[in-house]
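Visitor: Can you read through this structure? Questions will come right after.
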Amino acid sequence: MSEALPRIAGGALVLLAAYDLYRTVLVPRGRGGPVTRGVCRGVWGVASRGGDRVRAQAGPLTVVGGVAAWGALLAVGFALVTWPALGAEVTASGDAATPTGFLTALYYSGFNLTTLGTGDLVPRTDAYRLLMIAEAGVGFTYLTLALTYVMSVYDALKRRNVFALGLHQRTGDSGDAAAYLAGALPGPPAAASQDLTTLSEGLARLYEAHHFYPVLHYFRLPEPRYAMARVLFVTLDAASLIRSAPDGPDAETLAESAAAEGLWRAGLRPVRELAPLFLPDRTSDEATDQSERDLWRAHYDRSAATLRAAGVACRADDAGFARYAERRAEWDAVVRRFATFMAYDWNAIAAPASGG
């Protein structure tokens, strides 16, 4: 029984590593495996207490930590399976005495897992010869998947940052959705619809990237323009303003277009489906109080003034604001939670025209 326990524990660790690799690298939905989730939360829990430079290391450290955790689980797991066999089923080559400590088993497991094959410890039974081959195969698979995972995460990160920067530039580097709309709406509705569709497609790719690689959420750059909260604020604020502020036949055509609906739905999808995966559990968001609604009103009035200055006819303020507030209530609280969790100042995320 004493020999069976290490083998059972070792087998469980190997299965845990395999399951976590499968859930994190091969399954394009959800939070990843339990080990990876623990590494992400642990690293972010420490990094979030530091300044911007420390927080910026959270993403790379979660990737490194996840890969290292998989390797450690596999190495220790196979070592535990081998440990009871040292001196009998696995022995030193030649006539040398076989060390029987756990570190020897870990050494044997490590060179099998990395396919080094130094040969100073040799399996003497068919079962352990097959286990050596199996471990080498698992090690090769692990190294291949880990390398693919790291490359894919950084490719997705680059595409995410390019989209966020492009959105920021559309606002004139201000982070103000009204500034973007002031440049897009005065032209023909077809041109604005095309750009809204482009933004919707970018949001869809962003959403899917975070499903494929949940670790992306923990890549927290110091510049607010790259934050998920900023991307969601600008796109959802733009979609809300399109449906509330502009007036006239062209405005109605654009507001009811598939492009405007696509931007609205593409922005809401991360709010509704990614937030439960990444943000701390919360049964409900606070109701909007009057002071917050007053800030929304100030934001709406400034946005409408920006549009009017660009030659865009706007509805009467009360009618337009009522439409705007109804839509903003669907996303504001969750976007704020994204900002708070990633330690961004809301005024930096929603500057300059959001209020509060």
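Visitor: Report the gain in length on full extension from SER2 to GLU273: 0.36 nm times residue separation, minus Cα-Cα distance, nm rounded to one decimal.
Guide: Residue separation times 0.36 nm, minus the Cα-Cα distance, leaves 92.8 nm.
Visitor: What is the sum of charges around GLU261, taking Lys and Arg as +1, Asp and Glu as -1, for the other residues whose C-beta is under 13 Å from the C-beta of GLU261?
Guide: +3
Visitor: In sequence order, what are the phi-derived ³J(HN,Hα) couplings for the stretch 248-259 according to the Karplus relation 6.51 cos²θ - 1.76 cosθ + 1.60 with θ = phi - 60°, rounded to whole Hz, with x for glycine and proline?
Guide: My calculation for the stretch 248-259 gives x, x, 4, 5, 5, 4, 5, 4, 9, 6, 5, 5 Hz in order.
Visitor: To continue, here is another question. How big is the charge dipole of the chain about its Cα centre, in debye rounded to the nearest 20, if each Lys and Arg gets +1 on its Cβ and each Asp and Glu gets -1 on its Cβ?
Guide: 320 debye
Visitor: Additional query: Between ARG49 and LEU165, what is 0.36 nm times their sequence separation minus the Cα-Cα distance? Round to one decimal in nm.
Guide: 39.1 nm
Visitor: Could you pull out every residue, at least 5 positions away or on a different chain, whose amide H is within less than 5 Å of the one on GLN57? Hs are placed 1.01 Å off N in the peptide plane, and Pro or chain starts have none.
Guide: none
Visitor: Please identify the longest segment of the chain free of exposed trypsin sites (Lys or Arg not before Pro), where exposed means a DSSP state other than H, G, I, E or B and no more than 15 other Cβ atoms within 10 Å.
Guide: In the chain, the maximal stretch lacking such sites is 125-281.
Visitor: How much net charge surrounds TYR107 when only the other residues with a Cβ under 14 Å from the Cβ of TYR107 are counted, with Lys and Arg +1 and Asp and Glu -1?
Guide: So the environment of TYR107 carries a net charge of -2.
Visitor: Rounded to whole Å and sorted largest first, what semi-axes of the equivalent ellipsoid does the C-alpha gyration tensor of the stretch 4-148 yield via the square root of 5 times each eigenvalue?
Guide: Those come to 34, 15, 13 Å.
Visitor: Another one. Calculated from DSSP H runs of 4 or more alone, at -39500 (n - 2.57) each and per residue, what is the 222 nm mean residue ellipticity of the chain, nearest 500?
Guide: After summing the helix terms and dividing by the residues of the chain, the value is -21500 deg cm²/dmol.
Visitor: Between SER152 and ARG41, how high is the FRET efficiency from 1/(1 + (r/R0)^6) when r is the Cβ-Cβ distance and R₀ = 25 Å? Nearest 0.05.
Guide: With R0 = 25 Å, the Cβ-Cβ based efficiency is 0.70.
Visitor: Right, something else. Between LEU121 and residues 5 or more places away or on another chain, which pairs have amide H atoms under 5 Å apart, with H built 1.01 Å from N, and which residues are they?
Guide: Counting only residues 5 or more places away or on other chains, the set is SER93.
Visitor: Calculate the radius of gyration of the Cα atoms of the chain to one decimal place, then report Dmax, the largest Cα-Cα distance, as a whole number, both in Å.
Guide: In order Rg, Dmax, the Cα atoms of the chain give 27.1, 94 Å.
Visitor: Once the convex hull of the C-alpha atoms of the stretch 121-269 is built, how many Å³ does it hold per residue, rounded to a whole number?
Guide: 122 Å³
Each reported figure results from applying straightforward, stated rules to the coordinates on display, with no laboratory input. This structure is a prediction, so every number in the text was calculated from the model and none was measured. Every residue, glycine among them, receives a Cβ derived from its backbone with ideal geometry; neighbour counts consider all protein chains shown.
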